[in-house]
Amino acid sequence: MPDALDAHPYDALLLLSFGGPEGPDDVVPFLENVTRGRGIPKERLKEVGQHYFLFGGVSPINDQNRALLDALRKDFAEHGLDLPVYWGNRNWAPYLTDTLREMVADGRRRILVLATSAYASYSGCRQYRENLAESLATLEAEGLELPRVDKLRHYFNHPGFIQPMIDGVLKSLAGLPEDVRAGAHLAFTTHSIPNASADTSGPVEDHGDGGAYVKQHLDAARLIADAVREETGTDHPWQLVYQSRSGAPHIPWLEPDICDHLEELHGAGVPAVVMAPIGFVSDHMEVMYDLDTEAKAKAEELGLPVRRSATVGADPRFAAAIRELVVERAATESGRDVKLCALGALGPSHDVCPVGCCPARAPKPAAAGADSPYA
């Protein structure tokens, strides 16, 4: 048996994700959950849902979360970390509030949260914290004893997140025709967000010019590109580009879009491209549709050879990284010395989101931060 790892004071880990439909009848209700409060007509939601209907109305994200749950539980058991792992979603079953209610019934009182987003941003961090606060308020109204909830730090530069993506890019390069491989460019993709949201992402000192969101992605992309150069002996030019824009046309969002970028590279004579979705933890719908469907169709139209590298998903190295982050945070909370693991120029992220971090346009209570009403 492995030596037991110490998770004290925590007694559970919560995998917190976005959620997705698991059949055609789920698509519109799921999108209603996602867009609640925006007044979007049902007919418009049906149009938006065509992405899901192309895949039978099923988002891959829930199965991918099940695989990650299995990987985490397996890794924890193999390394002597006695910590149960639960799963809750923002927008579809299993719903976050239901999962927290179950955890309270099971006697869990100190909960660590793993969000399936590696970077700082409103939608990738604070919105999850707002969801936690909403769920805790519901439990409080029900008269339940509230657990203390903490969130694991951003893991965009942890070796267990970076290394699987390095291997994915190397595999994709190897899959290109040999005559275009050496000249291939790397397009590191992430979700486009409004410029205003990017500029205010991360702590206040990081605000401006893309904020922590852009800085963190550039740091991860540089780590991967440098490792690929060391492994192959070839310096592949690279750029951070964006996908999955969903906002009104008049509002500035981060650019360039991946399809526009492919057109630009083709026009410049670039012989091939590897698309690496570093902004996503798993191959969910936005990866499968926006890259595997739309971007690949654009590449075919241009006659441009492309490959799309894998996300980290349930890679054992990612599961091991989460274990290391759990043990690290437990040690910090217990006052024990611990070395924080991080690659790149930015160093390890903060454990507790400070006041002013990734602010919302309309302020809402957010748990697991310095401004939490549930300390």
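Excluding residues fewer than 8 places away in the same chain, name every one of the aspartates and glutamates whose C-alpha is closer than 14 Å to that of K364.
Of all the aspartates and glutamates, those that pass the test against K364 - Cα under 14 Å, at least 8 places apart if same chain - are E130, E134.
What number, rounded to the nearest 500 deg cm²/dmol, is the helix-based mean residue ellipticity at 222 nm of the chain, given -39500 (n - 2.57) per DSSP H run of at least four residues and division by all its residues?
Details: 14 runs with 149 residues, N = 375.
Here the helix-only value at 222 nm equals -12000 deg cm²/dmol.
Using only Cα atoms, tell me the angle between helix 159-174 and the longest principal axis of the chain; keep it within 0 to 90° and round to the nearest 10.
Around 20 degrees separate the two axes.
Convert each backbone phi in region 50-58 into a coupling constant with the Karplus relation 6.51 cos²θ - 1.76 cosθ + 1.60 (shift: θ = phi - 60°), then list the ³J(HN,Hα) values in order as whole Hz, x for Gly and Pro.
Residue by residue, region 50-58 yields 4, 4, 6, 5, 4, 10, x, x, 10 Hz.
Please state, to two decimals, what the Cα-based radius of gyration of region 280-375 comes to when divided by 2.2 N^0.38 Å (N = residues).
Scaled against compact globular proteins, the figure is 1.56.
Excluding same-chain residues fewer than 8 positions from K42, which aspartates and glutamates have a Cα within less than 16 Å of its Cα?
D25, D26, E32
From the backbone phi of region 274-282, what are the Karplus-calculated ³J(HN,Hα) couplings (6.51 cos²θ - 1.76 cosθ + 1.60, θ = phi - 60°) in whole Hz, Gly and Pro given as x?
My calculation for region 274-282 gives 9, 9, 10, x, 6, x, 10, 7, 9 Hz in order.
Any idea how far the Cα center of region 237-287 sits from the one of region 300-337, in Å?
So the two Cα centres are separated by 21 Å.
How much length, in nm to one decimal, is gained on full extension between E230 and D25, taken as 0.36 nm per residue of separation minus their Cα-Cα distance? Let's see the in-between values first.
Details: separation 205, 0.36 × 205 = 73.80 nm, distance 4.86 nm.
Answer, rounded to one decimal: 68.9 nm.
Given axes a ≥ b ≥ c from the Cα gyration tensor, I'd like to know whether region 159-308 is rounded (a/c under 1.5), prolate (a/b larger than b/c) or oblate. All intermediate terms of the calculation are to be shown ahead of the outcome.
On the way: a/c = 1.89, a/b = 1.32, b/c = 1.43.
Oblate.
In whole angstrom, how long is each semi-axis of the equivalent ellipsoid of the chain, when you take the square root of 5 times every eigenvalue of its Cα gyration tensor and sort them from largest down? Present the calculation step by step, with values, prior to reporting the outcome.
Working: eigenvalues 222, 126, 78 Å².
Taking √(5λ) for each Cα gyration eigenvalue gives 33, 25, 20 Å.
Arrange L218, L81, L136 by Cβ neighbour counts within 10 Å, fewest through most, would you? Before the final figure, lay out each step's value.
On the way: L218 17, L81 21, L136 25.
Ascending Cβ contact count within 10 Å gives the list L218, L81, L136.
Only counting other Cβ atoms within 10 Å, I'd like L132, L173, L112, L139 sorted with the fewest neighbours first. Walk me through the numbers on the way to the answer.
On the way: L132 29, L173 21, L112 25, L139 18.
Ordered from fewest to most neighbouring Cβ atoms within 10 Å, L132, L173, L112, L139 come out as L139, L173, L112, L132.
Quick check: from the Cα gyration tensor, does region 59-182 come out rounded (a/c under 1.5), prolate or oblate? It would help to have the intermediate numbers written out before the result.
Numbers: a/c = 2.59, a/b = 2.05, b/c = 1.26.
Note, shape of region 59-182 comes out prolate.
Would you list, by chain and number, the lysines whose Cα falls below 25 Å from the Cα of K296, excluding same-chain residues fewer than 8 positions away?
Within reach: K46, K171.
Indicate the gyration tensor shape class of region 209-252 (rounded, prolate or oblate), computed on the Cα atoms with a ≥ b ≥ c the square roots of the eigenvalues: a/c under 1.5 is rounded; otherwise a/b larger than b/c is prolate and the rest oblate. Write down the numbers at each step before the final one.
Working: a/c = 4.00, a/b = 2.34, b/c = 1.71.
It comes out prolate by the Cα gyration axes.
For the chain, give the magnitude of the charge dipole about the Cα centre (Cβ charges: +1 Lys/Arg, -1 Asp/Glu; no others), in debye to the nearest 20. Intermediate values should be presented prior to the final figure.
Values: 35 positive and 54 negative charges, 107 e Å.
My answer is approximately 520 debye.
I'd like the antiparallel share, as a percent to the nearest 5, of DSSP beta bridges with both residues in region 159-308. Before the final figure, lay out the partial values.
Details: 1 of 15 bridges.
Of the beta bridges lying entirely in region 159-308, close to 5 percent run antiparallel.
Values quoted throughout were computed directly from the atomic coordinates according to the rules given, and no laboratory measurement underlies them. Predicted model, so just to flag it, every value in this text is computed and none were measured. Here Cβ is always computed from backbone atoms with ideal geometry, including for glycine, and neighbour counts include all displayed protein chains.
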